[in-house]
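Written below as structure tokens is the structure these notes are about.
The values are calculated or read from the model by the stated rules, or taken from the named source; none is laboratory data. A quick note: this is a predicted structure, and the numbers were derived from the prediction, not measured. Here the Cβ is made from the backbone with ideal geometry for all residues, glycine too, and neighbour counts use every protein chain on show.
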Amino acid sequence: MSEQSGKTDRPKLKLVPVVPPPVSDEAGAIAQAEMPFAIVEGEPITQLPRDLYIPPHALEVFLEAFEGPLDLLLYLIRRQNIDILDIPIAEISRQYVKYIELMREMQFELAGEYLVMAATLAEIKSRMLLPRPLEEEEDEEDPRAALVRRLQEYERYKQAAEDLDSLERLERDVVVAEAEVLERTVVTKLPDVALKALLTAFVEVLERSSMFEHHRIRQEPLSVRERMSQVLVNLAGRRYVDFSELLDPAEGRVGITVTFLALLELLKDAVIDVVQTDEFGPIHVRAAQPAATGESPADG
Amino acid sequence: MDELQLRNVIEAALLAAGRPLSVDSLLELVMRKGVSADRDSVRKAIAALTGEYEGRGIEIREVASGFRVQVKTSVTDWLQPLWEERAPRYTRALLETLALVAYKQPITRAEIEEVRGVAVSTNIVRTLTERGWIRVVGHRETPGRPAMLGTTREFLDYFGLRKLDELPPLAQLRDYDPATGPQADLIDALGAFGAPDVPLTTDISPADEA
Amino acid sequence: MDELQLRNVIEAALLAAGRPLSVDSLLELVMRKGVSADRDSVRKAIAALTGEYEGRGIEIREVASGFRVQVKTSVTDWLQPLWEERAPRYTRALLETLALVAYKQPITRAEIEEVRGVAVSTNIVRTLTERGWIRVVGHRETPGRPAMLGTTREFLDYFGLRKLDELPPLAQLRDYDPATGPQADLIDALGAFGAPDVPLTTDISPADEA
């Protein structure tokens, strides 16, 4: 095409308003006057739409300027100074569809929404062409009404977005005054946890698992569990601990029983080894040794 | 602690915080040090500072999360050379999405898409969330439990607002009444089919419509 | 531009720049706007501001690269609470992990994962360890020698327990429905063990960000 230059940068699309050329009948067969449709990169464009009257890259710019089919429709309406409540639906539809067809001809990846809108417009047109019985007329909404509502709704938020953008805002319009502070110590407060939150979490995790069932059968008191941890801590880093050292008589019978149960649990889990070298000799407890060494009595 | 001291601490706090401070948080500052004060005295001190700043290059502004000291916009212009970075510009798609969340919250993504007539990109939602302007405020109890979005206090702070109702008012919707509309006649409308083609090519940028 | 205007612009610049400004760079700001001024007038304005700030909570300080406005050290102390950061609330995953460690200790990470049905993040274990609530109490002699976790004395102290078995036993928890007014049940449950001062009254709702 002659109007396409080899330039790679984006064309400045300067468009001039033109008087509509006289039209014969069908959309495609418009008698094209000498009037230019547009001036792209200084070149007047006088070709018919069929003949790619907007260079592809310019058309892309055109499409990018719109936020979607509603935006494009609004533009078409506004450009002709038509009241939004007063859309000549056929006219607008035709223009809209022409753009869409053009873009498809250019093989643009056209968002599906544009095609849906084209179909909607076509549907409205056909419904308006159909004669309707008189009595129905009151119930049935003018097919344009829904479209007008959508357009109005979109337009008010389009306006709201512009209003929002014109508000004075940080970074762009507002600068916060700040004074330097030396020696500021940042302290991080740790989150608080209520016991209730902990229990709630526990109940929920239990509900997801089958632990409740297990525990109906076998349920160690928590004191045993706690003591299991304590025994392990006592054993940590020590080779052997005398069994009697783990039992504190000051705790009384209950305490000793708890420790004993804890030791049994740990032994069963193969977490500790209990070693007695001589019959009736001292019993030693130690953390279980890695199985590889093969010296764990728990092996047998 | 006398009034002047209170005013000094509050001024220093507002200038040091780097964020707006509420009356309550200012009160907490002085209470922590065992000073007895109340909200009224804090408010008085702020009012006194506001008065002091008149005729100066700075001012106290109340936004959603409290008070902040800012440069008067008449002076901001002088300071432009201090910053190399330009403020971020936001696309129309982002601003329209933000406007819909602000005015129609709580709103789902699908509802935003319905009004805008196009898909809302994940990117936009992420940008708005990362800026701390919108957040998920709940879920609609419809299939899929879509998230409902709302704006945050930071959004109001950023745009210098105290409350949502300080947003510019939305345009009124006018009723469409085909019976009384000036172009009520369907035939007229259909007649437009044969109307001369309106040039496709005038001003294509929708942005510079007055 | 009169002296007061110059002073106002300079004050605003010093408060807005976020860095010290030299006399020359301040001069450049006003010259850019076509105002005729010289170093002397800038210095005079700074001196005037310095005087104004006497008896206030802020001061102008000259450092290597110029002048800056800073909070007086005598006031800094009052502002400490401003830098207190609230760590984000603990996640459900963390609480579940903690509860499992408490009830099923000594327990390995793999065992926690088995019950929870999802992987336990290293972060959670680290956070709980740093908080001093759990610790490694030993290693299980299975391949990989996984660490076994247990709770600490600090854990008991924090939750106001003397011993672990002051936590309600599983049997009682089975009937504990967190959804339907649980507080009373729970107090009963704990009361059975004579737990003294459990902070049951704190609201667990994650909603309240003050």
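Check B:ARG68, B:ARG92, B:ARG61 and return the single one that is basic (Lys, Arg) and in contact with a Leu (Cβ under 9 Å, 6 or more places away or on another chain). Even if it seems obvious, please write down each step before you answer.
Details: B:ARG92 fails: in contact with a Leu (Cβ under 9 Å, 6 or more places away or on another chain); B:ARG61 fails: in contact with a Leu (Cβ under 9 Å, 6 or more places away or on another chain).
None of the other options fit; the residue is B:ARG68.
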- Could you list, in sequence order, all residues of the stretch C:97-140 that are aliphatic (A, V, I, L, M) and within 7 Å of chain A (Cβ to nearest Cβ)? C:LEU98, C:ALA99, C:LEU100, C:VAL115, C:VAL137
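Any chance you could count how many residues in the stretch C:133-164 are over 21 Å from C:GLU111 (Cα atoms) and either touching a residue at least 12 places away in the same chain (Cβ under 8 Å) or not in a helix (DSSP H, G or I) (or both)?
7
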- Going through the stretch C:95-132 in order, the residues found to be modelled with pLDDT of 90 or more and in contact with an Asp or Glu (Cβ under 6 Å, 6 or more places away or on another chain) are C:GLY132
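Let's see how each residue does on (1) under 18 Å from C:ARG140 (Cα atoms); (2) modelled with pLDDT of 80 or more; (3) surrounded by 13 or more Cβ atoms within 10 Å (Cβ to Cβ):
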{"site": "A:GLU220", "(1), (2), (3)": "no, no, yes"}
{"site": "A:GLU226", "(1), (2), (3)": "yes, yes, yes"}
{"site": "A:ARG239", "(1), (2), (3)": "yes, yes, no"}
{"site": "A:GLU265", "(1), (2), (3)": "yes, yes, yes"}
{"site": "A:ILE283", "(1), (2), (3)": "no, yes, yes"}
- Message: Could you check the stretch C:63-78 and list, in sequence order, the residues that are part of a helix (DSSP H, G or I), surrounded by 15 or more Cβ atoms within 10 Å (Cβ to Cβ) and within 7 Å of chain A (Cβ to nearest Cβ)?
- Response: C:THR76
- For the subset of the stretch C:83-109 comprising residues that are in contact with a strand residue (DSSP E or B) (Cβ under 8 Å, 6 or more places away or on another chain) and more than 17 Å from C:VAL120 (Cα to Cα), which member is surrounded by the fewest Cβ atoms within 10 Å (Cβ to Cβ)? C:GLU85
- Test for B:VAL69: is it assigned by TED's automatic domain parsing to the domain that holds B:ARG7, more than 23 Å from A:LEU167 (Cα to Cα), free of Cβ contacts under 8 Å to residues at least 60 places away in the same chain and among the β-branched types (Val, Ile, Thr): no
